[in-house]
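Asks: Please find one structure pasted underneath; my questions will follow.
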Amino acid sequence: KPCRFKHCPTHRQDQAWLAMWQRCGMGLLRRQLAALVAKGMRRPARALIPASLGSLRAASTDRGGMTEAMYNWRVVAIQNALKERGKATGDLTVEDLASLGHLDQYHYLGVEANDHVIDLLGLDESVHVLDIGSGIGGPARYIASKSGCRITGVELQEDICMAGRDLTARVPGLAERVKFEVGDIISMSHAGKIPAASFDHFMSLLVFLHIPDRTALLKACFDALRPGGTFVIEDFAAKPGTNFTAQEKSWLLDVVSAPNVSTPEQYAADLEKAGFVDIEIVDMSDIWQKWTKARHELYRDSREETVKAQGEAIYESRVKFYQVVDNLFAGNLGGARITGRRPSPLEARLLEGRKKDLGQTGGVVNVVEGRTRMRVLGEK
């Protein structure tokens, strides 16, 4: 049958964007995006970036201005990589896909980060996990296969989501436990497409930085969790006590599509305002800086095989992108792993009970048959 990715209109449009980026750079792209905004594209809520860069912002639930150039090349890339290995068709294993590294796992630390999610949340076959920004499905496939849990992934970009479905269907038995839905978490929550209190956990690995409206995002996450449900977020954060330079702000917005990067303290405050409790933030800055630098060097060393499989334009654009990320982590950009939970109703009652003045009840209590005394806490 015809190739879904090569001939579909969405893919052709994505490739046109990528080609335009490679030929003409940011100047033309800024003008094209500004034209889209003029035609009615919604602007996002206020983000932690200069207002002068606002013309590059996308809709409030999008990943930002450079989404297509950042992600959609991977659909073709993973197909090419599988073809090179003689696995263009037929059954696959999770290991086949995970061995493709950044083509399967879009976040930092690869499957090691997935193992951390399993251990932190205590995942097993009894729970259902929401994966926000599931990409091509690598983390969901790995985590579900290893822990036995069910996972529903939500991915904004249709071609990436469809590729994730196709790859998952090629892993025998896995599609029964791993599902992917096209859409953004905020709109889907508003529309009731994600039933309230329907997930035991949620996870999101290096996605929230792309979503400008953090308030609406965290509300959707809170609503999706069952009372007592827990979460793991891995995300960019400013290093404590630092401020981004003008160049770093430009890189974050124009290259990384990250309009929402705050300090860890602000992140915790935003989560608490959304209703989450027991927030813990682990600084991942040093680990991620070393990992991203190694990724950049390894990718540079793979020039011959990468150009052969993906083309020189893709290779050059990736090298430039990875260099920018290196520069950011060498400066004021850091990373955070954030965990927490939605409180349960019984816990809420306990917390409310602790606020009561137990020393003002007065009265008497029975001590032995027929004899009473004043309540102890009532004594002065």
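Asks: Looking at V261, is it modelled with pLDDT of 95 or more, outside any helix (DSSP H, G or I) and open to solvent by 20 Å² or more (accessible area, probe 1.4 Å)?
Replies: no
Asks: Mind listing whichever residues of region 147-179 are basic (K, R), over 16 Å from S204 (Cα atoms) and free of Cβ contacts under 8 Å to residues at least 40 places away in the same chain? Quick ask: steps written out before the conclusion?
Replies: Our first condition is that a residue be basic (K, R); within region 147-179, this holds for 150, 165, 170, 177, 179.
From the residues that got through so far, the ones that are over 16 Å from S204 (Cα atoms) too are 165, 170, 177.
Residues satisfying the conditions are R165, R177.
Asks: Now, a different point. Here are some conditions: (1) touching a residue at least 60 places away in the same chain (Cβ under 8 Å); (2) closer than 23 Å to G101 by Cα; (3) small (G, A, S). S285 meets all but one. Which one does it not meet?
Replies: S285 satisfies every listed condition except (1).
Asks: Separate question: Residues in region 81-101 that are open to solvent by 50 Å² or more (accessible area, probe 1.4 Å) and outside any loop (DSSP other than H, G, I, E, B): how many?
Replies: Residues meeting the conditions: 3.
Asks: I'm trying to understand the selection: among the residues of region 243-261, which are in contact with a helix residue (DSSP H, G or I) (Cβ under 8 Å, 6 or more places away or on another chain) and among the hydrophobic types (A, V, I, L, M, F, W, C)?
Replies: F244, W251, L252, L253, V255, V256, A258, V261
Asks: Another one. Inspect all residues belonging to region 288-300 and state whether any of them is closer than 30 Å to L121 by Cα, aliphatic (A, V, I, L, M) and either open to solvent by 20 Å² or more (accessible area, probe 1.4 Å) or touching a helix residue (DSSP H, G or I) at 6+ places or on another chain (Cβ under 6 Å) (or both).
Replies: Kept after step one, since they are closer than 30 Å to L121 by Cα, are these residues of region 288-300: 288-295.
The next check asks that each one be aliphatic (A, V, I, L, M); those that pass are 294.
From what's left, either open to solvent by 20 Å² or more (accessible area, probe 1.4 Å) or touching a helix residue (DSSP H, G or I) at 6+ places or on another chain (Cβ under 6 Å) (or both): 294.
So far as region 288-300 goes, yes, one or more of its residues are closer than 30 Å to L121 by Cα, aliphatic (A, V, I, L, M) and either open to solvent by 20 Å² or more (accessible area, probe 1.4 Å) or touching a helix residue (DSSP H, G or I) at 6+ places or on another chain (Cβ under 6 Å) (or both).
Asks: Could you list all residues from region 270-286 that are part of a helix (DSSP H, G or I) and more than 18 Å from T242 (Cβ to Cβ)? First the steps, then the outcome.
Replies: As a first pass, look at region 270-286 and keep what is part of a helix (DSSP H, G or I): 270-274, 285-286.
D270, L271, E272, K273, A274 - these are the residues of region 270-286 that are part of a helix (DSSP H, G or I) and more than 18 Å from T242 (Cβ to Cβ).
Asks: Oh, and also: On the given criteria, is K290 closer than 23 Å to L217 by Cβ and either of a type in the set (K, R) or outside any strand (DSSP E or B) (or both)? If you could, list the steps in order and put the result at the bottom.
Replies: Details: closer than 23 Å to L217 by Cβ: no; either of a type in the set (K, R) or outside any strand (DSSP E or B) (or both): yes.
No: the conditions fail for K290.
Asks: Follow-up. Which pairs have Cβ atoms under 7 Å, sit 6 or more apart or on different chains, and link a residue in region 84-109 that is at pLDDT 95 or above to one that is loosely packed, with under 12 Cβ neighbours inside 10 Å and not in a helix (DSSP H, G or I)?
Replies: D91/P172
The values are calculated or read from the model by the stated rules, or taken from the named source; none is laboratory data. This is a predicted model, so every value here is computed, not measured. Note that we place each Cβ from the backbone using ideal geometry, even for glycine, and neighbour counts take in every protein chain shown. Accessible surface is based on the protein model in full, side chains and every heavy atom, while ligands, DNA and RNA are left aside. Shrake-Rupley method; radii C 1.70, N 1.55, O 1.52, S 1.80 Å.
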